[in-house]
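Student: Quick one: the structure is below, questions incoming.
The values are calculated or read from the model by the stated rules, or taken from the named source; none is laboratory data. The shown structure was predicted, so the numbers you read here are calculated from the model rather than taken from an experiment. So basically every Cβ, Gly included, is an ideal-geometry build from the backbone, and we count neighbours across all protein chains shown. Heavy atoms of the whole protein, side chains included, go into the accessibility calculation; ligands, DNA and RNA do not. Shrake-Rupley method; radii C 1.70, N 1.55, O 1.52, S 1.80 Å.
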Amino acid sequence: QAQLVESGGGLVQAGGSLRLSCAASGIIFGINVMGWYRQAPGKQRELVANIASGSSNTNYADSVKGRFTISRDGAKNTVYLQMNSLKPEDTAVYYCRAQGRYSYWGQGTQVTVSS
C-alpha cells in the first residue's frame, strides 16, 4: 500500500526555522518527482518546491526562494524541506507529493508562524 508519511510541522515564531520530512513507502512503479505543496485557509493549494529523482533539479515558488531548501534521500525515498526565515504568510498545511506513474499525497502537516 502506497503511503507518504510527513513530519516536522509545528508552531514557530517569525524568523525561525522548521524542517519537514516525508517518507514514501509501498510505491511500486517508482518515483520521478517529489515535492511539497501548501494550502492556507481560503486559498488554493500551491507548489512550494519539488525535486526530480536522480538529479539536483529543483523548482521553487518565488515566495520561498532563498529561504527554503528541498533535498532528497533517494535510497530512503525521503524528501526534506528546510524552511528558514519563516514568515506569518508561510502559515499553511504542507503536503508532500510523490509523482511517478501515479500521483500520491501525504496527509498534511500544519505549519504555523506567529508574528
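Student: Of the heavy-atom accessible surface of the chain (probe 1.4 angstrom), what whole percent is carbon and sulfur?
Tutor: 45 percent
Student: Given the C-alpha atoms of the range 26-89, compute the convex hull and give its volume per residue in Å³.
Tutor: Taking only Cα atoms, the range 26-89 has a hull volume of 107 Å³ per residue.
Student: Report the longest stretch of the chain that contains none of the trypsin sites (Lys or Arg not before Pro) sitting in a DSSP loop with at most 14 other Cβ atoms within 10 Å.
Tutor: Of all site-free stretches, the longest is 1-42.
Student: Based only on Cα atoms, what mean projected area does the convex hull of the chain have, in nm²?
Tutor: Average projection, Cα convex hull of the chain: 6.7 nm².
Student: Please calculate how many Å² of accessible area the chain carries per residue, with a 1.4 Å probe and no DNA, RNA or ligand atoms counted.
Tutor: Averaged over the residues of the chain, the accessible area is 54 Å².
Student: Give the value in nm², to one decimal: projected area of the alpha carbon convex hull of the range 2-62, averaged over all directions.
Tutor: Directional mean of the projected Cα hull area for the range 2-62 stands at 5.7 nm².
Student: What does the extension gain come out to for E46 and Q82, with contour length at 0.36 nm per residue minus their alpha carbon separation?
Tutor: 11.2 nm
Student: Amide H to amide H, which residues 5 or more places from I27 or on other chains are under 5 Å from it, using H placed in the peptide plane?
Tutor: Sorted by chain and number, the residues that satisfy this are Q3.
Student: The range 1-91: which chymotrypsin sites (Phe, Trp or Tyr not before Pro) are DSSP loop and have at most 15 other beta-carbon atoms within 10 angstrom?
Tutor: Answer in residue order: F29.
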